[in-house]
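Down below is the structure, laid out as structure tokens.
Just so it is clear, none of the values below were taken in a lab; they were calculated from the coordinates. The shown structure was predicted, so the numbers you read here are calculated from the model rather than taken from an experiment. Here the Cβ is made from the backbone with ideal geometry for all residues, glycine too, and neighbour counts use every protein chain on show.
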Amino acid sequence: MKKEIICSVIITILYAIITLIAVFKHEIWADEAQVWMLCKHLSIPELINHLHNEGHPSLMYLITMPFAKNFSDIIYMQLICWFSMCIAVFLLMYKSKFPYIVKFAIISSAGFLYFLPVIARSYSLIPPLIFIIAILYSKRQENSILYSIPLFLLANTHAIMFGFVSVLTLLFLYETIRDKNFSKTKILSIIIMFLGLILVILQLHNTTSSNLFITFHPNQILMNIIKVPLFFFINLYNKIITVEKSLIYPLIDIFSIITLITTFIMLFINLYFNSKKLFFISIFGVGFQFGIYILTYSANTYVTRIFSALIILIFCFWLLYQENSFKDKLKICTRKNSTILLSIFFLLTFYNGLNYYIMDYKYNYAGAKEAAEYIRSNINKSSKLLIDNEPFMISLAYYLEKDNYKLFSVARNKNLEYVIWDKTNGKRLSNKAWYQYSKLTQNEYNTDIYLVRSFCDEKNNKRMQIRIEDEYKNNFELLFSSTKTIEPNEGYRIYKYINN
């Protein structure tokens, strides 16, 4: 026992050091900044009222809020996510019955190496909570209250965990009714579990009608049924980074992705023949997430989201190894073959995590920090900084806020503090409209006018294929352009308006 805990502590410390290096180097991008800015500028009642527009329940926000209210640096939120993953690694090493090769494969996978500890999102809270549930699962009847609490919390990490928590809650309810054990403790535990699910519904009940980017697309469902699984495995293995060419050759990519798909399917087959209950949990939990992606997120199956599904798979095999309930009726379903499949599957994602880790160290993940440094050094605080693409400007707003610079949103006619994901976000000014607006703003405020535009605008908006400095070369001077960024849409150009 002492040897196991020492080994677990050493590996966790090594993991903590390796990932912390990336955390301190990582530049904040829009989705990370949005959480921090909401927590800084809203009260708890205001936040709860706003969450349906975010599409995310409250746990991550409530944990972050005390730090956002009292400190100006988002590193505290980053450390929450990093520390959460360190806890997950320790629990995996010390409490799971996986062979060391499987533990090593999971810890080395893209999610654990980079995406979950480095990208500060609510997904980072999911692994430790699911691992705690796995540890408590065998004693859920005796310690039902203790078992219900992490389920309550997990439901409120992200909407995509609703299916997994629901199936575990319903199974616990079924077992309680089957055993006719209606003690006060059991009833209270069931209430806690269902309360967690009800709170999610109350917080997010009209997300698809209030959030421009999380909406039902019935006309795209058939296409998404093809796109979502395809992007699921492509992004899991090697999401293309534009700052450098991939070192992996196309034939190797294709072979690896096919291997990922094959092992993924075989893992579910393993669960089916070894434990129908665990197979049902995995299919329902993972299937619910796929359903959400198909109906709302479309092809936006980022690696952080993908690993939320894979953690459910880890949970099911955790219980299988813990209960040692392998059946040898089929050779492909043995413990040894499960170990081989799990190891291959997670190790195949290692390159993706390593690639992002190295690129994030070499380049800017996003351009907001660099752009903010230029603004602080070259632009007076009394100047007017105009923007129209709020979702891609919120990270810049975070970096500038510490020095009391403000970004003025022309769409809402006020300073940007946090993003509201409504139809206003779809409005973009043409070059001509920018010229007219800049002229009027200078006349009104009698100060220098600067225009900040996202690379996203020039990439996706046909009206902006001709850059403003070319169409109005006597009126807009390009002062700054972001260097290469890993997130290609989050680079910036800064222009000064010249009233000629």
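Data for the structure
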read-out	value
Whole-number D in µm² s⁻¹ for region 1-100, Kirkwood Cα-pair radius fed into Stokes-Einstein, 10 °C, 1.306 mPa s	103
Gained length - ILE13 relative to LEU62, 0.36 nm times residue gap less alpha-carbon distance	14.9 nm
Packing rank of 177-184, 47-54, where each peptide gets the mean count of other beta carbons within 10 Å, highest leading	47-54, 177-184
CD proxy at 222 nm, helix term only [per DSSP H run n ≥ 4: -39500 (n - 2.57); per residue of the chain; nearest 500]	-20000 deg cm²/dmol
Estimated vicinal HN-Hα couplings, Hz - region 190-201 in sequence order (Karplus 6.51, -1.76, 1.60; Gly, Pro = x)	5, 4, 4, 4, 5, 4, x, 6, 5, 4, 4, 4
14 Å tail of the calculated P(r), region 253-329, as % of Cα pairs	66
Mean Cα-pair separation over length for the chain, i.e. relative contact order, pairs under 8 Å, 6 or more apart, %	19
Packing-based ranking, highest mean first, of 350-362, 374-386 given that Cβ atoms within 10 Å are counted	350-362, 374-386
Ranked packing of 228-236, 258-266, 363-371, most packed first, by mean Cβ within 10 Å	363-371, 228-236, 258-266
Convex hull of Cα atoms in region 368-497, direction-averaged projection (nm²)	7.4
Alpha-carbon spread of region 2-362, three principal axes, descending order, Å	55, 53, 53
Distance (nanometres) between label positions extended 7 Å along Cα→Cβ at LEU195 and ASN337	4.6
Two-site label geometry, ILE75 and GLU323: point separation in nm, points 7 Å out along Cα→Cβ	4.6
Efficiency of FRET from Cβ geometry, LYS97 and GLN141, R₀ 25 Å, rounded to 0.05	0.80
Longest to shortest principal axis, alpha-carbon extents of region 52-178, angstrom	52, 40, 22
Distant-in-sequence amide H partners of ASN364 (H built 1.01 Å from N, under 5 Å)	ILE486
Computed label-point distance, nm, for sites LYS406 and ASN380 using a 7 Å Cα→Cβ extension	1.7
Cα centroid of region 134-168 to Cα centroid of region 62-127, whole Å	18
Loop sites in region 393-500: GluC sites (Glu not before Pro), DSSP, at most 10 other Cβ within 10 Å	none
Local net charge near ILE132, Cβ-Cβ under 14 Å (Lys/Arg +1, Asp/Glu -1)	+3
Options LEU342, PHE182, LEU129, ranked by Cα towards positive dipole end of region 2-362, top entry (Cβ charges)	PHE182
Alpha-carbon gyration tensor eigenvalues x 5, square-rooted, for region 125-233, Å	32, 16, 13
Zone of ILE358's modelled label, taken as backbone nitrogen in region 1-36 under 17 Å from a point 7 Å along Cα→Cβ	19, 22
Computed E for LYS484/ALA433 - FRET, C-beta separation, R0 25 angstrom, nearest 0.05	0.25
